[in-house]
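The structure under discussion appears below in the form of structure tokens.
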Amino acid sequence: MNALNKAQDLDSSNAYNLAVTKPSISVIGLGYVGAVSTACLANLGHRIIGVDIDTIKTKQISKGESPIHEQGLGELLSKGVAENLITATCDVARAVSQTDITFVSVGTPTSEDGGCDYKYIISAARAIGEGIAQKSSYHVVVMRCSIPPSTTLNVMVPEIEAASGLKMGVDFGVCFNPEFLREGTAIADFKDPPKTVIGANDEKAAKMLADIYSPVDDNVIMTSIEVAEMVKYVDNVWHATKVCFGNEVGRICKPLNIDSHKVMDIFVQDTKLNLSPYYLKPGFAYGGSCLPKEVRAVVHLAKNLGLETPLISSLSKTNEQQIESAIQLVRQTGKKKIGFLGLAFKAGTDDLRESPALEMMNTLIEEGYDVSAYDPAIKKDTRIDNQFSYMRHACPHLEPVVNALPNLLRNQGQQVSKECDVIVVTQKTPEIQNLIAGRLGHVEVIDLVRLFKNQPNFKGYQGIGW
Ligand SMILES: NC(=O)c1ccc[n+]([C@@H]2O[C@H](COP(=O)([O-])OP(=O)(O)OC[C@H]3O[C@@H](n4cnc5c(N)ncnc54)[C@H](O)[C@@H]3O)[C@@H](O)[C@H]2O)c1
């Protein structure tokens, strides 16, 4: 029996009763992701049934031929077919019923409104439901498509449950396992992944999937399904941001006769501040004497060169939006007595220049709020006149807060935390952490710096981006 016949006659095949102890896997969708998964998972010793609605692809896979141009894929597929580990079919339900785990890698194209088109996910999910309904053993469904957060649980799972009459977490498990392969180096990426992320709400399912990946990654990152879904989107938006940022740097460098690659070669060597987690966690707006000024300067430079740099030019707008979002959080409390813990643009300095906390306070004062503030580095007798003259010159709109500051400042954080109905936290220090920990539940807290590792579950606490 040749490979194609085997694929078309799954039921009658005794060839599947192989002495393979590893879980068998059905891979639904044999495109760029599914074809690579099929080949690489078979190479790890799993029996794979590849499934696609496109018969040309299933026939190619059955013959050990690659349906796409991808280095090394044809060789791995033909090896898998020769070892009786890979077959392919168009019958999703039957493939699911004859395997332990199902990987879903159907397409998720852009919908007409710019969102995600779920039609392939929905039809695959229904067929998966029909497949697991035919099984008596526990099955794991692994979603691999790039999808908006909650799609796995709110779109795919209900379809599986409706079609099967079975319950997630009882009869079958579900994981979201984002795919990070790069086309062109997909097989090398499978063998040496940048990371392996498993989103799960079911330990048994998560463990089965982690075991599959253990030969290539024994340090998988476990998280919730929604976080894993978002990770994939964030990764790709970040990659797109990097491409556009590098290109805008090149656009500015070229007319200045500066070698942009020399600039970026030096840029990437800084793994402390540039290519690092630093500056990447959601929190408050940037400020200080450097970032706002230098962003303005580079935008000005590009403009003088007659260049469009939409990414760099949009930075101050998104920064202002972050300040506005924080102000909105205060307005939504409906309270009037607002205390700030942290005034300088970051902890450990008394530098008030372009501090977003001052911008925020200024707006609140203008809107009639009763504002007070404490900063560990700024006391009533701290000399800040030079900064005031800088701020009056560079930011004349801050006049109200600059004038009011001497009367707003408190020398003790406790004064602020006791006399206010809402505390706005703009700096993360052990002192402020302790102060807030003692007041949670007694006062409303607007946290702009993620004071605590986990979001406190207290009424009246809210973070700006979490
Ligand atoms: N291409 C990549 O490099 C890459 C990387 C990471 C993640 N992803 C994501 O993985 C998913 C798949 O991407 P792709 O590039 O492999 O897509 P693709 O379009 O190449 O392949 C999708 C396959 O699914 C098949 N299909 C559709 N509905 C089906 C159904 N009901 N049953 C069986 N097969 C069905 C299609 O015929 C097609 O062959 C997408 O969500 C994508 O965003 C892609």
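The values are calculated or read from the model by the stated rules, or taken from the named source; none is laboratory data. These numbers come from a predicted model, not from an experiment. With ideal geometry, Cβ positions are generated from the backbone for all residues, glycine too; neighbour counts draw on all protein chains shown.
Beta carbons closer than 6 Å, at least 6 apart along the sequence or on distinct chains, pair a first residue in segment 34-51 that is part of a helix (DSSP H, G or I) with a second that is of a type in the set (Ser, Thr, Tyr) for Gly34/Ser105.
In the set (1) more than 10 Å from the ligand (Cβ to nearest atom); (2) free of Cβ contacts under 8 Å to residues at least 12 places away in the same chain, Ala163 fails one condition alone, (2).
Out of segment 419-449, which residues are of a type outside the set (A, V, I, L, M, F, W, C) and closer than 24 Å to Asn362 by Cβ? Break it down stepwise before answering.
Kept after step one, since they are of a type outside the set (A, V, I, L, M, F, W, C), are these residues of segment 419-449: 419, 421, 426-431, 433-434, 438-439, 441-442, 444, 447.
Those that are of a type outside the set (A, V, I, L, M, F, W, C) and closer than 24 Å to Asn362 by Cβ: Glu419, Asp421, Thr426, Gln427, Lys428, Thr429, Glu444, Asp447.
In segment 71-92, which residue that is part of a loop (DSSP other than H, G, I, E, B) and within 10 Å of the ligand (Cβ to nearest atom) is surrounded by the most Cβ atoms within 10 Å (Cβ to Cβ)?
Going through the qualifying residues, I end up with Asp91.
For segment 202-210, indicate whether the set of residues that are crowded, with 18+ Cβ neighbours inside 10 Å, modelled with pLDDT under 95 and in the same structural domain as His46 (by TED's automatic domain parsing) is non-empty. I'd like the intermediate steps shown before the answer.
Our first condition is that a residue be crowded, with 18+ Cβ neighbours inside 10 Å; within segment 202-210, this holds for 202, 205-206, 208-210.
Filter once more, keeping what is modelled with pLDDT under 95: 202.
So of that shortlist, the ones also in the same structural domain as His46 (by TED's automatic domain parsing) come out as 202.
Within segment 202-210, one or more residues are crowded, with 18+ Cβ neighbours inside 10 Å, modelled with pLDDT under 95 and in the same structural domain as His46 (by TED's automatic domain parsing).
Considering segment 423-457 alone, what residues qualify as being of a type in the set (Gly, Ala, Ser) and under 23 Å from Tyr369 (Cβ atoms)? Scanning segment 423-457 gives a single hit, Gly441.
Please go through segment 154-174 and give me each residue that is surrounded by fewer than 19 Cβ atoms within 10 Å (Cβ to Cβ) and closer than 17 Å to Val227 by Cα, ordered by number. Give the derivation first.
Taking segment 154-174 as the starting set, the residues that turn out to be surrounded by fewer than 19 Cβ atoms within 10 Å (Cβ to Cβ) are 154-155, 158, 161-163, 165-167, 169-171.
Matches in segment 154-174: Asn154, Val155.
Restricting attention to segment 134-152, which residues are on the phi < 0 side of the Ramachandran plot, surrounded by fewer than 19 Cβ atoms within 10 Å (Cβ to Cβ) and touching a residue at least 40 places away in the same chain (Cβ under 8 Å)? Don't jump to the end; show me each part of the working.
In the first step, residues of segment 134-152 are kept if they are on the phi < 0 side of the Ramachandran plot; the result is 134-149, 151-152.
This time we only want the ones that are surrounded by fewer than 19 Cβ atoms within 10 Å (Cβ to Cβ), so: 134-138, 146, 148.
Correct list: Gln134, Tyr138, Ser146, Pro148.
Evaluate the following for Phe180: is it closer than 27 Å to Asp91 by Cβ and either aliphatic (A, V, I, L, M) or in the same structural domain as Asp100 (by TED's automatic domain parsing) (or both)?
Working: closer than 27 Å to Asp91 by Cβ: no; either aliphatic (A, V, I, L, M) or in the same structural domain as Asp100 (by TED's automatic domain parsing) (or both): yes.
In short, no.
Looking at segment 139-161, is at least one residue of a type in the set (Gly, Ala, Ser) and touching a Gly at 6+ places or on another chain (Cβ under 7 Å)?
First, the residues of segment 139-161 that are of a type in the set (Gly, Ala, Ser): 146, 150.
Next, from what is left, pick out any that are touching a Gly at 6+ places or on another chain (Cβ under 7 Å): none.
Scanning segment 139-161, I find no residue that is of a type in the set (Gly, Ala, Ser) and touching a Gly at 6+ places or on another chain (Cβ under 7 Å), so the answer is no.
Scanning segment 267-313 for residues that are within 24 Å of Ala357 (Cα to Cα), surrounded by fewer than 13 Cβ atoms within 10 Å (Cβ to Cβ) and free of Cβ contacts under 8 Å to residues at least 12 places away in the same chain yields a count of 7.
Would you point out the residue of segment 230-259, among those that are touching a residue at least 60 places away in the same chain (Cβ under 8 Å) and closer than 20 Å to Arg144 by Cβ, that is surrounded by the fewest Cβ atoms within 10 Å (Cβ to Cβ)? I'd like the intermediate steps shown before the answer.
As a first pass, look at segment 230-259 and keep what is touching a residue at least 60 places away in the same chain (Cβ under 8 Å): 230, 232-233, 236, 241, 244-245, 248.
Next, from what is left, pick out any that are closer than 20 Å to Arg144 by Cβ: 230, 232-233, 236.
Numbers: Met230: 18, Lys232: 21, Tyr233: 15, Asn236: 13.
The selected residue is Asn236.
Within segment 98-110, the set of residues being over 21 Å from the mean Cα position of the chain (by Cα) and either over 24 Å from Lys59 (Cα atoms) or more than 13 Å from the ligand (Cβ to nearest atom) (or both) comprises Gln98, Thr99, Asp100, Ile101. A single member of Asp217, Asp189 is part of a loop (DSSP other than H, G, I, E, B), of a type outside the set (A, V, I, L, M), within 21 Å of the chain's Cα centre (by Cα) and buried (at least 16 other Cβ atoms within 10 Å of the Cβ), and it is Asp217.
When you scan segment 357-378, do you find a residue that is assigned to a helix (DSSP H, G or I), within 30 Å of Ala297 (Cβ to Cβ) and in contact with a Ser or Thr (Cβ under 6 Å, 6 or more places away or on another chain), even just one? Walk me through how you get there before you give the answer.
First pass over segment 357-378, keeping only residues assigned to a helix (DSSP H, G or I): 357-366.
This time we only want the ones that are within 30 Å of Ala297 (Cβ to Cβ), so: 357-366.
With in contact with a Ser or Thr (Cβ under 6 Å, 6 or more places away or on another chain) added as a condition, the list becomes 357.
Taking every residue of segment 357-378 in turn, at least one turns out to be assigned to a helix (DSSP H, G or I), within 30 Å of Ala297 (Cβ to Cβ) and in contact with a Ser or Thr (Cβ under 6 Å, 6 or more places away or on another chain).
Within segment 39-61, one or more residues are more than 15 Å from Thr102 (Cα to Cα), of a type in the set (Lys, Arg) and more than 11 Å from the ligand (Cβ to nearest atom). Just one of the listed residues (Ala95, Ala133) is modelled with pLDDT of 95 or more, within 12 Å of the ligand (Cβ to nearest atom) and either under 17 Å from Gly199 (Cβ atoms) or small (Gly, Ala, Ser) (or both), and it is Ala95. Restricting segment 144-157 to residues that are within 16 Å of the chain's Cα centre (by Cα) and of a type in the set (A, V, I, L, M, F, W, C), the residue that is nearest to Glu179 (Cα to Cα) is Cys145. Checked against (1) out of contact with any Gly (no Cβ under 8 Å at 6 or more places or on another chain); (2) within 16 Å of the ligand (Cβ to nearest atom); (3) more than 21 Å from Ser26 (Cβ to Cβ), Glu229 meets all criteria but (1).
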